[in-house]
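Have a look at the structure below before the remarks.
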Amino acid sequence: MSRSSLSSLYVAGLLTVLSACGPKQPPATGASPGPGSQAQFPGAVSTPAPRPAPPPPPDPATAIQPDTPVVSSDPLAGLDADAINKQGILSPIFYRYDSDAIDEAGQKVLMANADVLKKYPTWAVTIEGHSDERGTAEYNLALGERRALAAKTYLISLGIAADRLRTVSYGKEFPFDPGHDEAAYAMNRRGHFVVTAK
């Protein structure tokens, strides 16, 4: 065989080997096509995955509500004892001349005062006994004490705890009305209520 024939044969064999060693297809991994990819099978149609249903709305009855400040509607809630006394929440009772008996009008006042004290169970009250200017200072101090004690006893009978009530007598020392007639005397014969602690 001539040299040119051998060269041709060598080139042909080399081309055959090179064609057999060409680029190869990667093996299939068996993974399913992802969303939006074309199906790997002829004639198959790819469909997108369905969207999940939205969560149900929260139930207002069981939903946790944010903390809201509690605003008190009680006008006395932020007042100190002096301010409460200026409001005149507890009314005074009045007595007949030279008497510590509580009449019907006084009983109504004490019942109203007891209702207030039940509404505010932390209040402590001093009951002041007063008299008009007639009589000696000693006699009027004793009369004022009896008047204060009579009011205290009546409030206790209405359910107010005794340890919330204190008594003091001022006799004729602190008249409510500075006049010197019967109208002034009637105003000065009194049991006066002072909130001393709340």
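Taken as a whole, the condition of being hydrophobic (A, V, I, L, M, F, W, C), touching a residue at least 12 places away in the same chain (Cβ under 8 Å), out of contact with any Gly (no Cβ under 9 Å at 6 or more places or on another chain) and not in a helix (DSSP H, G or I) does not apply to residue 116.
Kindly indicate the residue of region 81-120 that is within 27 Å of residue 182 (Cα to Cα) and aromatic (Phe, Trp, Tyr) and also surrounded by the most Cβ atoms within 10 Å (Cβ to Cβ) among those meeting that condition. Top of the filtered list is 95.
Picking from residues in region 140-198 that are in a helix (DSSP H, G or I) and either of a type in the set (Asp, Glu) or at positive phi (or both), the one that is surrounded by the fewest Cβ atoms within 10 Å (Cβ to Cβ) is 163.
Could you tell me whether residue 62 is out of contact with any strand residue (DSSP E or B) (no Cβ under 9 Å at 6 or more places or on another chain), β-branched (Val, Ile, Thr) and modelled with pLDDT under 65? When the stated conditions are applied, residue 62 passes them.
The values are calculated or read from the model by the stated rules, or taken from the named source; none is laboratory data. For clarity, every value in this text was computed on a predicted model and none was experimentally measured. Here Cβ is always computed from backbone atoms with ideal geometry, including for glycine, and neighbour counts include all displayed protein chains.
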